[in-house]
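Engineer: One structure, as structure tokens, below. Some questions next.
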Amino acid sequence: MFADVIVDINNVEVDKIFEYSFFDCKITLGSRVVVPFGKKVLEGIVIGIKEQSVYPPEKIKPILRLLEQTPALTKETLAMMEYVRKTCYVTRALSMRLFLPSEMRKGKVKEQFTRTVALIEGLDLEQAINSTKKNAIKQREALQYLSENGKTKASIVAELFGASALNGIVEKGFAIIEKEKYFRSPYKDLTFNDKNVELTEKQKNAVASVENTDKTTSLLFGVTGSGKTEVYLDLIKRTIAKNKTAIMLVPEIALTPQMLKQLRAKFGDDAAILHSGLSAGERFDEWWRLRNGEARIAIGARSAIFAPLENVGLIIIDEEHDGSYTSESAPRYATVDIAKFRANLSGAKLILGSATPSIESYKKAMDGEYNLIELPDRINKRPLPEVEIADMRLEVRRGNNSVFSSALKFELEKCLKNNNQAIIFLNQRGYSKTVICTECGHVQKCDACDVSLTYHREDNSLLCHYCGAKYKMITACTECGSPFIRYGGTGTERVVEELKKLYPEARILRMDRDTTQSKEGHFKILNQFSAREADILVGTQMIAKGHDFPFVTLVGILDADMSLHFSDFRSGERTFQLLTQVAGRSGRAEQAGKVVLQTYSPENSVLRQAINYDYVGFYNQEISIRKATAFPPFTDVVRVLISSEDDDTALSATKAIHGQLNALYLENREKFKFFGCMKAPLKRLQNKFRYQVLMRIDAGEEELLQTIFITCDKYKSRSIFVSMEVNSNNLT
Ligand code: ADP
Ligand code: ZN
Ligand code: ZN
């Protein structure tokens, strides 16, 4: 027999399907195998089986061995793999890697076994105890222990009673040692506690609407705290009852434990978690539990859409508008597109949930492509928190130069006095965004990138937030030698410092990329806050989403304008989403919530709409702007990014690519709404000079996009990096 194999090597030149022969009847579609490849031996995946080969059989090499008995990929995931390859313009190997835990690919992690010991069945304990030698006290104790505790890890018994006692009772035939597969399961100490709520009429209607619609995709548009999560849980329960499987995606790793907790409370071990924050062993074992059908619900961040499940009946994307659902490195996939493909493939329902749907999704709902379900009220008609605007221009005029407005200080005091909790949001980690010389005005920059460095007081360093380079904090200006340094722009570290000065008694936690590096770091901080071991939680956008803390009655938004001033066409949308999400953390239980929003542009219309929770008003304004200016969803924004360590090399490649694309542009003028070539906004990153060809093309011109890709891809080389992004979230 012959097999078509994709070999795990990411190289455009060998991006082909290779034929191998085999005799092992266990080798089948989706099997992982080891094959000879040139002088190397590589891993691969079988994507086809056939009796006749295309190449002369005598030239075909044999498969060396099968890696696992169970094929790692299924018919469904194989089809998805091909879809990703085609739509994300990547090699087969790169597409394949999405579907396998990386630790499995490299063969670094193996199944783990543990030895257990138990009394043999039907043992007469008294007789056994009496038959032991007089001085074998430990053996008698071990027998007694096992009769009371049942099957126990051998290592525990050995530790309690000694290895010789353990061996003794096994040798005498009283107990038996077995080897068992041991699952490394993440978040073991999560407390299970099913709330067992009765769904409200509105929630029941939402569930019924999903089940009754003939549309694949439903958009669940429900304000923060409207009970969307309970709707998801009920839908999952129904899916499992039909013997199908479900995938539940959340935007941040930080949100997975909270969701897993609720899933485990209802479904126990039927839920498995997949994300990059787990240890290699945990991820490996969770993946196999899903693959073997031991777990039927996969939960995770965006990559869990590739979960090795069969018979998927339901896919949920919570906070569907979130930017993290678009991958920013190759393969650059949009999770929603893959979810739609998968849902259609297996006849599953797809739920997109959000309090602030993306402009694209809401338009599709308006156009009738999606089934729109609305939950306009919070549970029990709890009011949405009242938002107070603090005009920071006035504060400055009044002589208040602190990071907190007087309104926020007033509310914080009240909140602390009442023993409630507060969240302070600021989308800047570190101590200060920049360090500036007060003599010559020089701003410290990264050696490898064209960006200013952020001061991190905790380890007294200057950090580049783009490439991660770390420098020692300066004591004098590197340009003029002056020792007078000013901090520009406040970060979370500094906010905590200021809070400590103002409220020495208050217990404060900080959550940002720096405090969540350790394994389960997110989880620990959130748990502490949720257990009310802290009064104030300071954090970046990590704390904005999804969390449900009943005792939070105040949210302070320190710099509401920050994201407004990006030159990105999505900046208005992002600001609206972020403000609504952060505000939604306040007043979720009995007590009413309050939000103080600090801004330098209180008259801005997006801020106004966010404060009034006026999504539809915001949408109507935004969609008319997008239409008038020819931006998505009316067009696709396509960027070809060219970079090289040598500026001249980058520039001449850019000129060549621009020339070719220009010809394409001239042939298809009516489809182009914009065509231009320029330096990238971030001119230098990680020692590479960056240029771009930027285009806006009528939406849905798949063929044209493919042609652009093929045109540019030819210019890739060892020293020239070329990538094509479509509707990227990040055009820096
Ligand atoms: P969302 O996901 O829409 O922000 P959640 O599902 O987290 O909202 O619900 C907000 C709060 O309301 C949670 O504390 C949740 O337990 C509670 N809740 C949800 N549905 C019900 C219900 N039917 N009855 C009582 N409480 C509910
Ligand atoms: Zn200076
Ligand atoms: Zn850098």
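Engineer: Counting every Cα pair in region 444-489, what percent are over 15 Å apart?
Structural biologist: 42
Engineer: Apply the Debye scattering formula to the chain, with a single equal point scatterer on each alpha-carbon and no solvent, then give log10 I(q)/I(0) at q = 0.12 Å⁻¹.
Structural biologist: -1.52
Engineer: Can you find, among ALA610, THR356, ASN10, the residue sitting farthest towards the positive end of the charge dipole of the chain, where Lys and Arg contribute +1 and Asp and Glu -1 at Cβ?
Structural biologist: Toward the positive end, the furthest listed residue is ASN10.
Engineer: Further question: With each pseudo-label sitting 7 Å past Cα toward Cβ, what's the VAL443-SER276 distance in nm, one decimal?
Structural biologist: Inter-label distance under the simple model: 2.8 nm.
Engineer: May I have the extent of the alpha carbons of region 18-176 along their three principal axes, as whole Å values ordered from largest to smallest?
Structural biologist: Sorted largest first, the three principal extents are 76, 36, 30 Å.
Engineer: Considering the options TYR487, GLN428, VAL538, tell which one lies farthest towards the positive end of the dipole of region 397-544, charges being +1 on Lys and Arg and -1 on Asp and Glu at the Cβ, about the Cα centre.
Structural biologist: So the residue furthest toward the plus end is VAL538.
Engineer: OK, next. Give the peptides 460-466, 549-555 in descending order of average Cβ contacts within 10 Å, highest first.
Structural biologist: 549-555, 460-466
Engineer: Check the straight Cα-Cα distances from LYS86 and name the aspartates and glutamates below 13 Å, setting aside those fewer than 8 residues away within the same chain.
Structural biologist: Excluding near neighbours in sequence, the set is ASP15, ASP337, GLU702, GLU703.
Engineer: Given R₀ = 45 Å, what would the calculated FRET efficiency be for GLU533 paired with GLU82, taking r from the Cβ atoms and rounding to 0.05?
Structural biologist: With a Förster radius of 45 Å, E is 0.35.
Engineer: Still on this structure: Explain nothing, just the number: relative contact order of the chain, from Cα pairs under 8 Å at least 6 residues apart, as a whole percent.
Structural biologist: In percent, rounded to a whole number, it is 10.
Engineer: Applying a 10 Å radius around every beta-carbon, put 4-11, 691-698 in order of their mean neighbour count, most first.
Structural biologist: 691-698, 4-11
Engineer: Here's a follow-up. If you roll a 1.4 angstrom probe over the protein chains with everything in place, what fraction of the accessible area of the chain belongs to carbon and sulfur, to the nearest %?
Structural biologist: The computed percentage sits at 50.
Engineer: In addition: Greater than 27 Å separation of Cα atoms is the criterion. Which listed pairs, LYS445/LYS716; LYS26/LYS75; LYS500/LYS594; LYS433/LYS688; LYS524/LYS683, meet it?
Structural biologist: LYS445/LYS716; LYS524/LYS683
Engineer: Using just the helices of the chain, give the 222 nm mean residue ellipticity in deg cm²/dmol: DSSP H runs with n ≥ 4 each add -39,500 (n - 2.57), and the total is spread over all residues, rounded to 500.
Structural biologist: Taking each H run of at least 4 residues, the total per residue is -9500 deg cm²/dmol.
Engineer: Suppose R0 equals 60 Å. What FRET efficiency, 1/(1 + (r/R0)^6) with r the Cβ-Cβ distance, do LYS61 and PHE634 give to the nearest 0.05?
Structural biologist: So, using R0 = 60 Å, E works out to roughly 0.70.
Engineer: Another one. Considering only protein heavy atoms, what per residue accessible area in square angstrom results for region 2-105 with a 1.4 angstrom probe?
Structural biologist: In whole numbers, region 2-105 has 50 Å² accessible per residue.
Engineer: Shifting gears a bit: How far, in nm, would the chain grow between ALA663 and SER461 when pulled straight, counting 0.36 nm per residue and subtracting the alpha carbon separation?
Structural biologist: Answer, rounded to one decimal: 67.8 nm.
Engineer: In nm, what is the difference between 0.36 nm times the number of residues separating THR213 and THR114 and their Cα-Cα distance?
Structural biologist: Taking 0.36 nm per residue and subtracting the Cα distance, the gain is 30.8 nm.
Engineer: Could I ask something else about it? Past the 15 angstrom mark, what percentage of all C-alpha to C-alpha distances in region 656-719 do you count?
Structural biologist: For region 656-719, the fraction of Cα-Cα distances above 15 Å is 56 percent.
Engineer: With each pseudo-label sitting 7 Å past Cα toward Cβ, what's the THR70-VAL197 distance in nm, one decimal?
Structural biologist: Going by the 7 Å Cα→Cβ label model, 3.4 nm.
Engineer: Moving on to the next point. Lone cysteines in the chain, defined as no other cysteine's Cβ under 4.7 Å from theirs: which are they?
Structural biologist: So far as the 4.7 Å Cβ criterion goes, CYS25, CYS88, CYS415, CYS467, CYS677, CYS712 stand without a partner in the chain.
Engineer: What whole-number value in Å² describes the accessible area per residue of region 309-466 for a 1.4 Å probe?
Structural biologist: Result: 41 Å² per residue.
Engineer: Next question, about the same structure. How high is the relative contact order of region 421-506? Use alpha-carbon pairs under 8 Å, at least six apart in sequence, and give a whole percent.
Structural biologist: 35
Engineer: Going by average Cβ neighbours within 10 Å, how do the peptides 92-102, 702-712, 326-336 rank, with the highest at the top?
Structural biologist: Ranking, from highest mean packing down: 92-102, 326-336, 702-712.
Engineer: While we're here: Dipole magnitude of the chain about its Cα centre, charges +1 at Lys/Arg Cβ and -1 at Asp/Glu Cβ only, in debye to the nearest 20?
Structural biologist: Approximately 940 debye in magnitude.
Engineer: Dipole of the chain (Lys/Arg Cβ +1, Asp/Glu Cβ -1, origin at the Cα centre): which of LEU123, ALA241, LEU98 lies farthest to the positive side?
Structural biologist: The listed residue farthest towards the positive side: LEU123.
Engineer: Then there is this: Could you calculate the FRET efficiency of ASN729 with MET366 from 1/(1 + (r/R0)^6), where r is the beta carbon distance between them and R0 is 25 Å, rounded to 0.05?
Structural biologist: Taking R0 as 25 Å, the efficiency between ASN729 and MET366 is 0.65.
Engineer: Still on this structure, I have one more. HN-Hα J couplings of region 154-169 from phi, Karplus 6.51/-1.76/1.60, θ = phi - 60°, integer Hz, Gly and Pro as x?
Structural biologist: Taking θ as phi minus 60°, the curve returns 4, 5, 6, 4, 5, 5, 6, 10, x, 5, 6, 5, 4, 4, x, 6 Hz for region 154-169.
Engineer: A follow-up question, please. Counting pairs of alpha carbon atoms under 8 Å apart in space and at least six apart in sequence, what relative contact order in percent does region 194-262 give?
Structural biologist: Taking the mean separation of contacting Cα pairs over the length of region 194-262, I get 30 percent.
Engineer: Hey, another quick one. What does DSSP give for the chain in terms of the percent of beta bridges that are antiparallel, rounded to the nearest 5?
Structural biologist: Counting DSSP beta bridges with both partners in the chain, the antiparallel share is about 55 percent.
Engineer: Where nothing but the Cβ of Lys and Arg (+1) and of Asp and Glu (-1) is charged, how large is the charge dipole of region 2-105 around its Cα centre, in debye to the nearest 20?
Structural biologist: 140
The values are calculated or read from the model by the stated rules, or taken from the named source; none is laboratory data. Note that this is a predicted model, so its numbers are computed, not measured. Quick reminder, even Gly has a Cβ in these numbers, built from the backbone with ideal geometry, and neighbours come from all protein chains shown. Heads up: the accessible areas ignore ligands, DNA and RNA and are worked out on the full protein's heavy atoms, side chains in. Shrake-Rupley method; radii C 1.70, N 1.55, O 1.52, S 1.80 Å.
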